[in-house]
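Asker: This is the structure I want to talk about, given as structure tokens.
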Amino acid sequence: MYENPNFSLNKKTKKLETELLTTILTVVQDGICIISPELDIFYQNPAMQFWYETQNSTTPMKCYSLYHGRTSPCKNCPALRAMKSGQTEKEEVLFIKKGKRSGWQEVFCTPMFGEDGKIELLIEYVRDITDARKATLAAELIEAQNRELTNLLNQREKEQYRLEQKRMESINQSFSSILRYLRSVLDSNSFDLIRRQLELTKSNMGGSTPEENLSGQELTIARYIA
């Protein structure tokens with residue numbers, strides 16, 4: 001029987017292409033899953049099998065049932081959105097393994113169209129973003145802590161300013177009372193000297209002493225008055 005050499009070559013080429021594609025899907029560390037428009041799993045690469053402890057089966061299973069233990073599609077399912085929009089859709093989802101949260105995944109779902117323009121299948125590409133998400137959460141936590149610390153310092157500064165203002169008001173009231181009394185018992189020259197001394201005292205709170213701003217004669221007079 002005559003065998004068309006081109007036909008044999010095409011068979012070998014397709015076989016090589018299939019083997020190459022299988023090898024690529026096997027060594028890829030990210031998850032790849034091929035599903036039908038009805039969300040039945042056609043194929044899952046070793047990464048998906050390892051993550052979810054599953055195997056390829058001849059019996060179709062729904063992706064939401066096999067991977068997430070659900071009886072209905074997941075909320076914000078990227079596959080359903082891709083079929084509706086006809087474009088690649090993305091979603092970040094919690095990675096649940098044996099009923100426990102194991103991390104986060106980023107799912108990209110791309111529809112594949114047939115010659116009739118209808119969607120024949122969908123390819124899901126799944127990345128483990130647990131480490132990146134943890135780093136982001138850690139950075140957000142540090143930022144939140146810094147904000148709290150800044151707010152606390154600002155509050156303390158405001159409280160310190162309020163206390164300082166209150167203290168100065170108390171000092172001013174005391175000085176005013178002293179000046180009113182001295183005005184009634186001293187002559188004008190002596191009162192002016194004492195008033196100047198008190199004002200220097202107020203203006204140099206925490207700085208140089210009032211005596212440093214008086215001349216020797218003024219200091220002697222102030223002591224006599226005292």
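Asker: With the full set of protein chains in place, find how many percent of the accessible area of region 30-71 is carbon and sulfur; take the probe as 1.4 Å.
Answerer: 54
Asker: Heavy atoms only, probe 1.4 Å: what % of the accessible area of region 102-194 goes to carbon and sulfur, would you let me know?
Answerer: It is 53 percent, rounded to a whole number.
Asker: Using only the alpha-carbon atoms of region 41-197, report the extent along each of the three principal axes, biggest first, to the nearest angstrom.
Answerer: Here the Cα extents, ordered largest to smallest, are 113, 36, 24 Å.
The values are calculated or read from the model by the stated rules, or taken from the named source; none is laboratory data. These numbers come from a predicted model, not from an experiment. Quick note on the areas: whole protein, heavy atoms, side chains included, nothing else; ligands and nucleic acids left out. Shrake-Rupley method; radii C 1.70, N 1.55, O 1.52, S 1.80 Å.
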